[in-house]
Amino acid sequence: MAGPGVPDDLVAEMAEVLFRSLRRSDQRSKGEQYLHGLLTASGRKTIQNIAGAVGAPGGQQSLHHFICSSTWHWNPLREALGRYMEGIAPARAWVVRQLVIPKRGEHSVGVRRQFDPELGETVNAQRAFGVWLASGAMTVPVHWRLFLPDGADGADGADGADEQGAGIPASALRAETADESATGTVLDDLRKWKLPRRPVVLDVPTTRVGPAVRRFAEAGLPVLARVCGTARLVVADPALPGHGLGPVPALRILQGVRGLRRPIAGAGLVAAVPVALPVGHGRLSAGGQRPGLLLGEWRDPEGAPERIWLTDMVRTPVGELARLARLAHDTAADCEEVGARVGLRDFKGRSFPGWHRHMTLSSAAYAVASLTSAYALTGEALYA
């Protein structure tokens, strides 16, 4: 067995699919060893622990070279993983969310002291954005982008080297905001893959709703974007409170329609308000030139909305929008449980390519673990 309850044939099938693009047999062999190690090593999934778990020839040094100094690129493997998962459990949405990776020192690539809006505090950490294929049966990450506030990110990349030796490709040295990095995981990369297009659930709260919604609309991808309560929108329905007041904070809009909430299975209480989406460079239009819906989710009927969403999918039933939002909850829960088991936060080192390669293989191990869990629950293998 590849690990407790993990079938060998599933790991072998994943390795065959994933490493098909690697021309060298030694790279394919090291890739399969690393995948096994992620599923079997005890404790943190460091290269040292992985090498010890699989008894790799050459041990830690050879696996370190395979991850940090080799020539293979991660994007073909990620696309292969995405196609494989689409064939097994077709996604209902692409869920984008951030992953904060706390670090004690400042030597790992991308580590900065930065404010984390989810935690509400400043942390010393790497900050990454991932894309999960969410089917309802399971969620699996297939793509990653490392956010570097000083002007380098992890979107693509031929091998290169920055001044500090982290191997950051020159093509990635561009300034961007966290919001731009989050949307870029889909628009700059995933959209080019040979995958069926899906709605995007952008689970990255922001007050700057205009640029993200506009970019997805221009790409022809429907989006359900999480927004902060302070994001200002225009109520488009004359019958609702707030109409005619101009831009109003989203939280205030939803507080005015509490009486319109209705229960949605698995989502609690939900209210939807027609609004005008930002046009141009963040401008707002009361004329409804770009119609949208503002959604609020309440778990506590007496409290504030737990999450607030904005979408351009105005013809989609509210119940279906709520179920799409629920995929973000599922993804967050899976990330904490499964991600910890396969080492999503465990890479140690300064290497930018190494970080991406580790995250790619951890995502594959994540898929194996998720498929194994589905088999344990249903008694029926989803994989071939």
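Among the residues making up the stretch 310-363, those that are more than 13 Å from the chain's Cα centre (by Cα), under 27 Å from ILE67 (Cα atoms) and not in a helix (DSSP H, G or I) are GLY343, ARG345, ASP346, PHE347, LYS348, GLY349, ARG350, SER351.
Restricting to the stretch 217-243, count the residues that are more than 18 Å from ALA91 (Cα to Cα) and either touching a Phe, Trp or Tyr at 6+ places or on another chain (Cβ under 8 Å) or not small (Gly, Ala, Ser) (or both).
14
Say we look at the stretch 71-105 and pick out the residues that are out of contact with any helix residue (DSSP H, G or I) (no Cβ under 9 Å at 6 or more places or on another chain) and basic (Lys, Arg); which of these is surrounded by the fewest Cβ atoms within 10 Å (Cβ to Cβ)? Looking at residues that are out of contact with any helix residue (DSSP H, G or I) (no Cβ under 9 Å at 6 or more places or on another chain) and basic (Lys, Arg), I get ARG104.
Return a yes/no flag: does the stretch 221-240 have any residue that is assigned to a loop (DSSP other than H, G, I, E, B) and within 18 Å of the chain's Cα centre (by Cα).
Of all residues in the stretch 221-240, those assigned to a loop (DSSP other than H, G, I, E, B) come to 221-222, 228-231, 236-240.
With within 18 Å of the chain's Cα centre (by Cα) added as a condition, the list becomes 221-222.
There is at least one residue in the stretch 221-240 that is assigned to a loop (DSSP other than H, G, I, E, B) and within 18 Å of the chain's Cα centre (by Cα).
Only residues that are touching a residue at least 40 places away in the same chain (Cβ under 8 Å), open to solvent by 40 Å² or more (accessible area, probe 1.4 Å) and touching a strand residue (DSSP E or B) at 6+ places or on another chain (Cβ under 8 Å): list them for the stretch 195-213, please. Result: ARG198, single match.
Quickly run through the stretch 123-170 and pick out the residues that are in a loop (DSSP other than H, G, I, E, B), open to solvent by 30 Å² or more (accessible area, probe 1.4 Å) and at pLDDT 50 or above. Answer for the stretch 123-170, where residues must be in a loop (DSSP other than H, G, I, E, B), open to solvent by 30 Å² or more (accessible area, probe 1.4 Å) and at pLDDT 50 or above: GLY136, ALA137, PRO149, ASP150, GLN164, GLY165.
Screening PRO76 on (1) at pLDDT 95 or above; (2) out of contact with any Ser or Thr (no Cβ under 8 Å at 6 or more places or on another chain) shows it passes everything except condition (2).
Kindly indicate whether THR40 is open to solvent by less than 40 Å² (accessible area, probe 1.4 Å), farther than 30 Å from ALA212 by Cα and at pLDDT 90 or above. The answer is no for THR40. Yes or no: PRO263 open to solvent by 30 Å² or more (accessible area, probe 1.4 Å), of a type outside the set (A, V, I, L, M, F, W, C) and in contact (Cβ under 8 Å) with a residue 60 or more places away in the chain? It is false that PRO263 is open to solvent by 30 Å² or more (accessible area, probe 1.4 Å), of a type outside the set (A, V, I, L, M, F, W, C) and in contact (Cβ under 8 Å) with a residue 60 or more places away in the chain.
The values are calculated or read from the model by the stated rules, or taken from the named source; none is laboratory data. Because the structure is a prediction, the values reported are computed rather than measured. Quick reminder, even Gly has a Cβ in these numbers, built from the backbone with ideal geometry, and neighbours come from all protein chains shown. Remember, those area values only see protein heavy atoms, side chains included, never the ligands or the DNA or RNA. Shrake-Rupley method; radii C 1.70, N 1.55, O 1.52, S 1.80 Å.
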